[in-house]
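A quick write-up on the structure given underneath.
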């Protein structure tokens, strides 16, 4: 009797093992996507739709529901060419990688990154190229707890960084903030710096101004919160 009972217990245990005979069916994971931007899909997007796509991507990132992607297949699919739908001028901060926080794949977004998301001729040339090859949206992305902004508030002097931080100084003056340890102060300066960069893009690049005025491209400002993972559009 004892042997029969032991055999029954073993059977019940084995039947519950994943993949064991008699175990409930387990749904197969969704296949990873290898979808990439094409010339046709890029042309079909409007600037508004491009913005919605970035917003949806950030929502996925924040919810930890990022799209599955077949990265090797994406490498092969984008090798012949690229057709990004948006460009993002962002800070170099390691906590705010553009493609990840917007949950975009290979060939989707041009990323131009520099401390403090400031504007200079090299970046303008890069952004002009992005417009020429069909990008529909240009985002200037600042972020909370920005080290470059803190450096500008503290008037840091360090080699070539001195000149870079001078580009953020007008936002420091406009915000009237003097405490780099005050998160609200730093965020206020960072937002004003985004707006200043947007204004400089228009003023310093007739090429980009032409694309914006014609409606072929849209310019928006945004702030990324390093503590929540959320992107907030500026009015």
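I need the Kirkwood Rh of segment 158-235: take the reciprocal of the average 1/r across all distinct C-alpha pairs and report it in angstrom. Taking the inverse mean of 1/r over all distinct Cα pairs, segment 158-235 comes out at 14.2 Å. Convex hull volume per residue, computed on the Cα atoms of the chain, equals 195 Å³.
With neighbour counts taken as other beta-carbon atoms within 10 Å, the residues 167, 188 rank, fewest first, as 188, 167. Relative to the longest principal axis of the Cα atoms of the chain, the long axis of helix 47-62 makes an angle of roughly 50 degrees.
Per residue, the average separation of C-alpha pairs within less than 8 Å and at least 6 apart gives segment 36-233 a relative contact order of 24 percent. Sorted fewest first by neighbouring Cβ atoms within 10 angstrom, 232, 69 come out as 232, 69. Look at 75, 119, 36 and count the other Cβ atoms within 10 Å of each Cβ; fewest to most, that gives 75, 36, 119.
Placing R0 at 30 angstrom, the Cβ-Cβ distance between residue 232 and residue 76 gives a FRET efficiency of 0.25 after rounding to 0.05.
Every number here is computed from the coordinates shown, using simple stated rules; none is lab data. Remember, predicted model here, so these are calculated numbers, not experimental data. As a convention, Cβ positions derive from the backbone with ideal geometry for all residues, glycine included, and neighbour counts pool all protein chains shown.
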